[in-house]
Amino acid sequence: MKIAFTSEGTSWDSLIDPRFGRTENIVLFDEESKELTAVDNSAVKNDAHGAGTATAQKIFELKPDVLITGNGPGENAAKALKHIKMRIFVDANDLTVQQAYNNYKSGNLREV
Amino acid sequence: MTNPKPLKIAIASGKGGTGKTTLSTNLAAFIAEQDEVVLVDLDVEEPNSGLFFNGILTHEEDIFKMIPQWDESKCTLCGICPKVCNYHAVIQLGPTILVFPELCHSCYACSELCPVDALPMIPKKTGTLRDFQIEKLHFVESHLDIGEEQAVPLISKTKKYVARKYSHVSITIFDSPPGTSCLVMEATKDADFVILVTEPTPFGLHDLSLAVETMRALKKPFGVVVNRYGIGNDEVIHYCREENISILSKIPNKRKIAELYSSGKLMYRDFPEVKHSLSDILDYCITAVRGGIA
């Protein structure tokens, strides 16, 4: 399984970015290879609107099986994400990527 | 006041809630005591000037903007459209092109650059324009539809309607949105004179200075009206003096004025000093624009 996290940083200790569209980074964990990688998403800062759809496009290209985020995607992003076969878990606010992953594994994150 | 050159006055502010609508509605009603006047509420996200007038609806129309519509049967999934959309209003998720009408700025890039014509532009309703008449006062307002994010096209089309229909009226007042965003620039860019309404508080001053910068960038002649004069401090007055900005009037802070406003009533008839202020403000605008100063 490939798990994507919206994150303020790029490591296991980084905090989850509660925003979907305007997340600083997308951190990816590949459960098979145990590899943790990160994709910079800071370019959306320059967009007044459309950050949600831009990030959804990026997520689509990364093809994760699971997305873990905080507040949850906004209306436009949610419309786009419906077209992606992926489970979405929210409310990981204030957790590190590691804690969010642990909570997801133990079934303690809310699925939307 | 019968002059061949029509006068367009925009009433704006940096800070919200300083009295744009109070000034717009009272000034328009004051002018309408003698002359034909048009008041246009361009704060299309939350128009409220209409609360002060009980007019006859003379015209109503839906306002549209053009958006692309995906024609799946023609599309070759070449990937050009999501790349050329600066607003992320068109994205490609594998075999699907998704269009987000609320994000679209109607720039036509995706539609024009599609090699197989798979994104024809179609009209989408974005708001409603209404035109009312109250004796010599014409009141035009537009409401942006819920969920719409692009207010600029609606503001632009509302101004075009007014220019077309009321070119013979000598004074038009535009009640602008608050802030200094694209909406404010769109609402004020055709004005001959801009009145910035502020209040004598630190917030009022902070946002006034942003609005002043905006008007200077737009090269607009402008002046300041200090509303709720008597509260806060003197910093707005000092700022205007230092920056060589004319203060057209100071409207006193009075509980009764707030009471009248909150019950949807105009206030100038109850306050002779406010009536004088309106007269001064109008004279200043006319003189500044029609060259009396030179």
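Odds and ends about this structure:
- Qualifying residue in segment A:52-69 (condition: surrounded by fewer than 20 Cβ atoms within 10 Å (Cβ to Cβ), within 14 Å of another protein chain (Cβ to nearest Cβ), touching a residue at least 60 places away in the same chain (Cβ under 8 Å) and within 20 Å of B:Gly94 (Cβ to Cβ)): yes
- Residue selected from segment A:70-84 under the condition out of contact with any Lys or Arg (no Cβ under 8 Å at 6 or more places or on another chain) and more than 10 Å from chain B (Cβ to nearest Cβ), by the criterion farthest from A:Glu32 (Cα to Cα): A:Gly74
- Filter result for B:Leu113 (free of Cβ contacts under 8 Å to residues at least 12 places away in the same chain and more than 30 Å from the chain's Cα centre (by Cα)): no
- Boolean, B:Lys159 is at pLDDT 95 or above, surrounded by fewer than 18 Cβ atoms within 10 Å (Cβ to Cβ) and away from chain A (no Cβ under 14 Å): no
- All positions within segment B:268-283 that are out of contact with any Ser or Thr (no Cβ under 7 Å at 6 or more places or on another chain) and of a type outside the set (Gly, Ala, Ser): B:Tyr268, B:Arg269, B:Asp270, B:Phe271, B:Pro272, B:Glu273, B:Val274, B:Lys275, B:His276, B:Leu278, B:Leu282, B:Asp283
- Criterion violated by B:Met121 - all others in (1) surrounded by 15 or more Cβ atoms within 10 Å (Cβ to Cβ); (2) within 14 Å of chain A (Cβ to nearest Cβ); (3) more than 25 Å from the chain's Cα centre (by Cα) satisfied: (2)
- Test: residue in segment B:130-138 that is within 17 Å of B:Glu60 (Cα to Cα), β-branched (Val, Ile, Thr) and touching a helix residue (DSSP H, G or I) at 6+ places or on another chain (Cβ under 8 Å): yes
- Test set (1) in contact (Cβ under 8 Å) with a residue 12 or more places away in the chain; (2) surrounded by fewer than 16 Cβ atoms within 10 Å (Cβ to Cβ); (3) in the same structural domain as B:Cys78 (by TED's automatic domain parsing) - B:Cys104 fails condition number: (2)
- When residues of segment A:29-51 are limited to those that are surrounded by fewer than 17 Cβ atoms within 10 Å (Cβ to Cβ) and charged (D, E, K, R), the one nearest to B:Cys85 (Cα to Cα): A:Lys45
- Residues that are touching a residue at least 60 places away in the same chain (Cβ under 8 Å) and surrounded by fewer than 23 Cβ atoms within 10 Å (Cβ to Cβ) were ranked within segment A:10-28; the one that is nearest to A:Pro73 (Cα to Cα) is A:Pro18.
- Number of the exception - B:Gly147 against (1) out of contact with any Pro (no Cβ under 6 Å at 6 or more places or on another chain); (2) closer than 16 Å to B:Asp41 by Cα; (3) within 14 Å of chain A (Cβ to nearest Cβ): (2)
- The lone criterion from (1) more than 14 Å from chain A (Cβ to nearest Cβ); (2) touching a Ser or Thr at 6+ places or on another chain (Cβ under 6 Å); (3) surrounded by 19 or more Cβ atoms within 10 Å (Cβ to Cβ) left unmet by B:Cys114 is number (2).
The values are calculated or read from the model by the stated rules, or taken from the named source; none is laboratory data. Nothing here was measured: the structure is a model prediction, and the numbers come from that model. Reconstructed Cβ throughout: ideal geometry from the backbone, glycine too, with neighbour counts over all protein chains shown.
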